[in-house]
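The values are calculated or read from the model by the stated rules, or taken from the named source; none is laboratory data. Note that the coordinates shown come from a computational prediction; the quantities given were computed from them, not determined experimentally. Neighbour counts are summed over all protein chains in view; Cβ atoms, including those assigned to glycine, are modelled from backbone coordinates with ideal geometry. Accessible surface areas use protein heavy atoms only, side chains included; no ligands, DNA or RNA. Shrake-Rupley method; radii C 1.70, N 1.55, O 1.52, S 1.80 Å.
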Amino acid sequence: MSATSARPSPAAQPSGGAFILKKALISAAVALVLFSLMIGVRTEAGPQGGLIYWTRFGDLAAMVGTVFGGSIIVELLRQWWGPIDKDRIVPKPVQSAMSFAGRWLAPALLVFAFLVPVIFYNQRYILDLSILVLTYVMLGWGLNVVVGLAGLLDLGYVAFYAVGAYSYALLATNFGLSFWVCLPLAGILAAFWGVLLGFPVLRLRGDYLAIVTLAFGEIIRLVIINWQSLTGGPNGVSGIPRPTMFGIPLTPGDDGLAARLGIEFSPTHRLVFLFYLILAMALLTNWVTIRLRRLPIGRAWEALREDEVACRALGINTTTTKLTAFATGAMFGGLAGAFFATRQGFISPESFTFQESALVLAIVVLGGMGSQLGVALAALTMIGGFELFRGFDQYRMLVFGMAMVVLMIWRPRGLIGHRAPTVFLERNQAISSDLVKEGHG
């Protein structure tokens, strides 16, 4: 029996009101269990230090009812549409329009990024948020080298972020080095630690690799906390020097940039400078990544991602391939960490927890592993989304989590899933009969 005949037809699949009602009841029961403690019961510390709680069964019932009704609607739509067919769901003209818009989306976003300080010059909040988004875009592109291109699941990426931040902070405060000298040093030191991480995990794959990288991230954080003579421990490092424009400080003094240009000083000048600085660093990360993908090392990363056994069979040195992936991704993370330190002026271990690694990994996965544009859109959505849902108070994380689940159901390979090889044959080529066993090409 062929695989096609063994597949159940749409008519043979379960359907009808009883089936839909059963699935809706199951979904509602799961929602009731999950949301009982998150929504049904609210706890807080009382004025006497004890734990007080109150119930919100009305909100819980509304949420369970929403899940119940949504499940019925989803099943009805699924039976109405039948098997998922892209041509049926999205008409051809709409597909053409979306393809045309996709080609111009990246240039439009780049132009808009350059104009952000001009459009929102007097809105400090927008500038700060834009700098934060670009920082996570750079982190996402750095992790995309390890996860998206090489296929190595890294849950401890925040360790390289911390190494870069503390490298710049300690070098700048103890030795008086400028930002432009410390920036490449922070990247080199982070890449060195990436190689150190790569050696113990050469033989590990999948979940085991993820556990080891997670442990590495926690080791770095604990070392930072306990090595108080060097890192300041939980108190962190303060008084980190601000960046200068090639030696010219952005201060209101006579030697500042504003005085030399003969314009009135404004604190916004430093924000605009930081914005264009992180934008340039992010674009450099993107350009280097794209160029590396087209080199032999980039194609080796893609081969390692698809099948490590076949990669070995082709004669590719998987040791150097993995080490270069870890080192490259760690270098970009270290550069982003150095920028974070100079922007904040203060760093502490609380800024480099596992939540940061999880957030950057979520950006890469939701954007589409291997897709540069998808990572940028995911960073904009996730970091900006937190601010967009700030008015929801305690429901913000719930709404945001539900949006992520819907996105992963709708686009399981990310916003812009991209796993196409860098080099491929555009047309079929016949092989000489002398080169094949059957005697024909």
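Values for this structure:
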| quantity | calculated |
| --- | --- |
| Single unsatisfied condition, ILE263 versus (1) among the β-branched types (Val, Ile, Thr); (2) assigned to a helix (DSSP H, G or I); (3) open to solvent by 60 Å² or more (accessible area, probe 1.4 Å) | (2) |
| Filter pass, PHE346 being surrounded by 20 or more Cβ atoms within 10 Å (Cβ to Cβ), in contact (Cβ under 8 Å) with a residue 40 or more places away in the chain and within 30 Å of GLN228 (Cβ to Cβ) | no |
| Residues of the stretch 210-262 classified as farther than 13 Å from PHE352 by Cβ and out of contact with any strand residue (DSSP E or B) (no Cβ under 6 Å at 6 or more places or on another chain), total | 37 |
| Subset tally (residues that are out of contact with any Ser or Thr (no Cβ under 8 Å at 6 or more places or on another chain) and open to solvent by 30 Å² or more (accessible area, probe 1.4 Å)) for the stretch 228-248 | 7 |
| Residue that is nearest to TYR276 (Cα to Cα), among those in the stretch 72-102 that are at pLDDT 60 or above and exposed (fewer than 10 other Cβ atoms within 10 Å of the Cβ) | SER99 |
| Cross-chain or 6+ apart pairs with Cβ under 7 Å, the stretch 108-134 first and under 21 Å from ILE363 (Cβ atoms), then among the basic types (Lys, Arg) and modelled with pLDDT of 90 or more | ILE131/ARG343 |
| So ASP393, is it on the phi > 0 side of the Ramachandran plot and modelled with pLDDT under 70 | yes |
| Selection count, the stretch 349-359, where residues are outside any helix (DSSP H, G or I) and surrounded by fewer than 18 Cβ atoms within 10 Å (Cβ to Cβ) | 1 |
| Matching entry among GLY164, GLY176 (being open to solvent by less than 80 Å² (accessible area, probe 1.4 Å) and under 19 Å from LEU361 (Cα atoms)) | GLY164 |
